[in-house]
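The values are calculated or read from the model by the stated rules, or taken from the named source; none is laboratory data. What you see is a predicted model, and the numbers here were worked out from it, not measured in a lab. Positions of Cβ are generated from backbone atoms using ideal geometry, with glycine treated the same way; all protein chains shown enter the neighbour counts.
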Amino acid sequence: MQVKRKTPMGIWALRGVTVAIALIVLLVVGSVVYSAYEDYSAVKAELAGGSKQAVGAAVLRGSMETVSINITVPNNGLYPLNVTLTCNYPTSNVVCQRTSVDVSPGGEGVLRFRMTVSDVSQFENSGNQVINGTVAISMTPFVGLTVGTDFGGFVKPGGA
Amino acid sequence: MYGQTITTRKRITSAVWALVVNTIFWIVIPYYVGVFLAGRVPESALTVPIFVYEFGILFTILEVGAAFFQGRAVSVPLISAVALLTVVYIWDATNGGLLGVETSGITIALSFRLMLYVLVLPSIWAAIRAPLSYMVWRRAMKTGISSPPTASTV
């Protein structure tokens, strides 16, 4: 004989908490994935030559070269976006200006990055033309992405 | 639901079903995911076969036990253990929310610790919920809050 029992109130309360937690997780994960996709699409379009392209220039004055990169960072996601650019080089011949921009949802910010090579010929003959650059993108507060790559390619011997 | 009469045949069927499903879910799939991640995301514990096997076997044993003893007090610690083990598993598999990839001179590091806390929340709640649920049922059965038994099927 199978017995049917009325579900106690406490069980309904526990089920309620379970549903609430599931909804929170779903909302957080869904919004983070959505934001990441939207931000990625916007930045990709920007770099591919959208309406406001990333502008870069290498200016050579004597033996000193200044590399300037201005990137418009749109934020189409739901979370504040922070983008930071840094780089480092073993000697003081290459100096990078750490730059960071905070972009609120729906807005856009401009990232102005400057890198100065005091002596280009010394840099070219040094045997180490790798400038460790770091691009940190943080979707506050949930996800942070750090990309480490070589910024040495930005240095053009004759300027550009 | 606790206090229900479950036949031994039904218990065995549930246990066999749990064995098949959990072997696929906790051993076969993670193994292939680990093979895919090996060399790409070395920080993930899923790339270590012994991790996959050990956790897979533990999960399967606990889940089979929980399925066999469903509705009984002994299933409570098994359900909680599975939930807590899931937390450890997710934490180790994602290296505590810090994963890195290195490919052709570019290093990519992904950090999502806060997101991980959110992801393990259901498992932590499941571990707490199992004994609470049992206590509520026990109390209800003792105090007779539940309605008198009605014969639905014989």
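Any idea which residue in the range B:59-79 is nearest to the chain's Cα centre (by Cα), counting only those that are within 14 Å of chain A (Cβ to nearest Cβ) and part of a helix (DSSP H, G or I)? Residue satisfying both the conditions and the ranking: B:ILE79.
For the range A:60-72, check the following and say yes or no: at least one residue is touching a Gly at 6+ places or on another chain (Cβ under 7 Å), among the aliphatic types (A, V, I, L, M) and over 23 Å from A:LEU145 (Cα atoms). Taking every residue of the range A:60-72 in turn, at least one turns out to be touching a Gly at 6+ places or on another chain (Cβ under 7 Å), among the aliphatic types (A, V, I, L, M) and over 23 Å from A:LEU145 (Cα atoms). From the list B:THR103, B:THR143, the one residue that fits, being at the interface with chain A (Cβ under 10 Å from one of its Cβ atoms), surrounded by fewer than 17 Cβ atoms within 10 Å (Cβ to Cβ), β-branched (Val, Ile, Thr) and over 15 Å from the mean Cα position of the chain (by Cα), is B:THR143.
Exactly one of (1) among the acidic types (Asp, Glu); (2) more than 30 Å from A:VAL135 (Cβ to Cβ); (3) in contact with a strand residue (DSSP E or B) (Cβ under 6 Å, 6 or more places away or on another chain) is unmet by B:GLU43. Its number? Every condition holds for B:GLU43 apart from (2). Filtering the range A:32-47 for residues that are surrounded by 16 or more Cβ atoms within 10 Å (Cβ to Cβ), part of a helix (DSSP H, G or I) and touching a Leu at 6+ places or on another chain (Cβ under 7 Å) leaves a non-empty set.
Note on the range B:114-123: residues that are at the interface with chain A (Cβ under 9 Å from one of its Cβ atoms) and either in contact with a Ser or Thr (Cβ under 9 Å, 6 or more places away or on another chain) or not in a helix (DSSP H, G or I) (or both) total 2. Take A:VAL19 and decide whether it is modelled with pLDDT under 95 and on the phi < 0 side of the Ramachandran plot. No: the conditions fail for A:VAL19. Listed conditions (1) touching a Ser or Thr at 6+ places or on another chain (Cβ under 8 Å); (2) of a type in the set (Gly, Ala, Ser); (3) closer than 30 Å to A:PHE142 by Cα are all met by B:ALA66, apart from (3).
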